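The values are calculated or read from the model by the stated rules, or taken from the named source; none is laboratory data. Treat the numbers as computed from the prediction; the structure is a model and nothing was measured. All Cβ positions, glycine included, derive from the backbone under ideal geometry; neighbour counts span all protein chains shown. When the accessible area is computed, the model is the full protein with side chains, heavy atoms only, and any ligands, DNA or RNA have been set aside. Shrake-Rupley method; radii C 1.70, N 1.55, O 1.52, S 1.80 Å.
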Amino acid sequence: MKAVRTADTIRRLEADHIVQFYRRAPVVFALGQGSRLYDLDGRPFLDLVSGAGTAALGHAHPRLASVIAEQARTLLQPSNLYYQPFQGELASRLAGLTGLPRVFFSNSGTEAVETALKLARRYWHTRGETGRTEIVALEHAFHGRTLGSLSVTWEERYRRPFAPLLGGIKFVPPNDPDRLLAAVSSSTAAIIFEPVQGDGGMRPLTPAFAQAAERARAATGALLIADEVQCGLGRTGHALHSLALELRPDLVAVGKGLGAGLPIAATLASEAVAETVAYGDHGCTQGGNLITCRAALVFLDELENGLLAHVRRAGAHLEQGLRALSRKHEMIIDIRGAGLMWGIELPGDAAPVVEAALHRGLLIHRHLAAPAVVRLLPPLTISEAELDEALEILDAALGAAPAAVDTGAA
Ligand SMILES: *Cc1c(COP(=O)(O)O)cnc(C)c1O
């Protein structure tokens, strides 16, 4: 496809008309292929951001593209007032993969979390415990940007400009079982956590902490909500990372990779939670439309046809390479993650490393909520050769940027 505008025009139009929530890197992408993006001049970039984890099958996946095109010619959305051919099928596939039998579709991760929070409220309301509304969440958590999910998000900078948010939220440190058990009581409606914390610093929860969450539920009845929008559906080599931790959440939010680039998210629920709702309690006009359901079905086909095993192999390969990098570069404080979801913690702001990588043709990311952590979220389909190429560029970028990182310069 030929770009009709120059990079300068595109940047000027945005500067004049886009609400400035995102400080974009100075590059315009109009084409993708597999694990690579191309700028307007055709310069290739190896993509270890993959649309913040959405392009799980890489870019321009041939079967995904043809299924989307076919569905676009057929029907997009008759509305959720009627049956359509694919929602039930997708829900049953998700149920089979995750063990949670009920599904509600929405368009984004924050909506999936919002739905989980509302279902937790609905559950206690239906059971006559209308005052049971407290939520226990984790420090460094990221759950989204709408008011409910923002209320359980840790980063003060995200929350403060939009106060007051939901009341009754208690934050406890991740991986501190005693603090969790002390915080949960018979007033706790739910405990919400990311099994691998993403934007807040790529931090996996420990099995001991997962066991404590299970114990807290057993003791108090508090529901467990796993936010697997980033770490679920294959990202760590498991259908859900909760399964790897032997957690049995009552509610799970998934999103990001589910539509392999199209906006679809889902809230998965146990029968005990789902049976407490009534018709009309909640809804989502565009949720689960045909084109996004079909994209998700293609994604699940791939996941079940060898992609999970590929992620485990490629993830182990990436981990090995990152550990070698951390032995070589003294400034690396920690390497954390699972599968194809990794963080590299540096002594200061990682922005110079991200920029040095961009100059060398590698896309990596550092989040405002954890600015010292380089975030790696490659497409799940990335090859080991491409990972080796990425590691080589990372090596050079780390070598080029240490002075800036040490002083914490942005
Ligand atoms: C990205 C993310 C969200 C929010 O998803 P959106 O699609 O941006 O609304 C929620 N939870 C987690 C764990 C995420 O990584």
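Observations on the model:
- For segment 1-112, the strands (runs of 3 or more DSSP E) that sit wholly inside it and include 1 or more residues that are within 16 Å of the ligand (Cβ to nearest atom) and either in contact (Cβ under 8 Å) with a residue 12 or more places away in the chain or open to solvent by 60 Å² or more (accessible area, probe 1.4 Å) (or both) are 102-106.
- When A338, A274, A369, A356 are screened for being surrounded by 16 or more Cβ atoms within 10 Å (Cβ to Cβ), farther than 17 Å from G58 by Cβ, touching a helix residue (DSSP H, G or I) at 6+ places or on another chain (Cβ under 8 Å) and at pLDDT below 95, only A369 passes.
- Annotation note: of A72, A112, A116, A91, the sole residue that is over 19 Å from the mean Cα position of the chain (by Cα), at pLDDT 95 or above and within 21 Å of H241 (Cα to Cα) is A91.
- Residue, farthest from the ligand (Cβ to nearest atom), within segment 192-209, restricted to residues that are surrounded by fewer than 23 Cβ atoms within 10 Å (Cβ to Cβ) and part of a loop (DSSP other than H, G, I, E, B): T206
- Cβ-Cβ under 9 Å pairs, at least 6 apart or on other chains, segment 267-288 side charged (D, E, K, R), far side surrounded by fewer than 16 Cβ atoms within 10 Å (Cβ to Cβ): E271/P101; E275/T126
- When each of A266, A316, A216 is tested for being more than 19 Å from the chain's Cα centre (by Cα) and open to solvent by less than 10 Å² (accessible area, probe 1.4 Å), the lone residue that passes is A216.
- The residue list F162, F171 contains one member that is modelled with pLDDT of 95 or more, farther than 20 Å from L251 by Cα and either away from the ligand (no atom under 16 Å from the Cβ) or surrounded by fewer than 21 Cβ atoms within 10 Å (Cβ to Cβ) (or both), which is F162.
- Hey, A324 open to solvent by less than 20 Å² (accessible area, probe 1.4 Å) and modelled with pLDDT of 95 or more or not: no
- Scanning segment 113-132 for residues that are open to solvent by 50 Å² or more (accessible area, probe 1.4 Å), touching a residue at least 12 places away in the same chain (Cβ under 8 Å), not small (G, A, S) and not in a helix (DSSP H, G or I) returns a single hit, R127.
- Residue match in segment 140-154 (condition: open to solvent by less than 40 Å² (accessible area, probe 1.4 Å), away from the ligand (no atom under 12 Å from the Cβ) and not in a helix (DSSP H, G or I)): no
- Of the residues making up segment 327-379, those that are acidic (D, E) and over 10 Å from A397 (Cβ atoms) are E330, D334, E345, D349.
- Residue satisfying condition, being in a strand (DSSP E or B), open to solvent by less than 40 Å² (accessible area, probe 1.4 Å) and β-branched (V, I, T), within set I382, I344: I344
- Taking every residue in segment 182-201 that is among the hydroxyl-bearing types (S, T, Y) and pairing it with any residue that is away from the ligand (no atom under 12 Å from the Cβ) and part of a strand (DSSP E or B), at least 6 positions away or on another chain, the pairs with Cβ-Cβ distances below 7 Å are S187/E134; T188/E134; T188/V136.
- Among the residues of segment 263-302, those that are in contact with a Lys or Arg (Cβ under 9 Å, 6 or more places away or on another chain) and within 15 Å of E111 (Cα to Cα) comprise A265, T267, L268, A269, D281, H282.
- Scope segment 236-258; condition open to solvent by 10 Å² or more (accessible area, probe 1.4 Å) and within 10 Å of the ligand (Cβ to nearest atom); matching residues: K256
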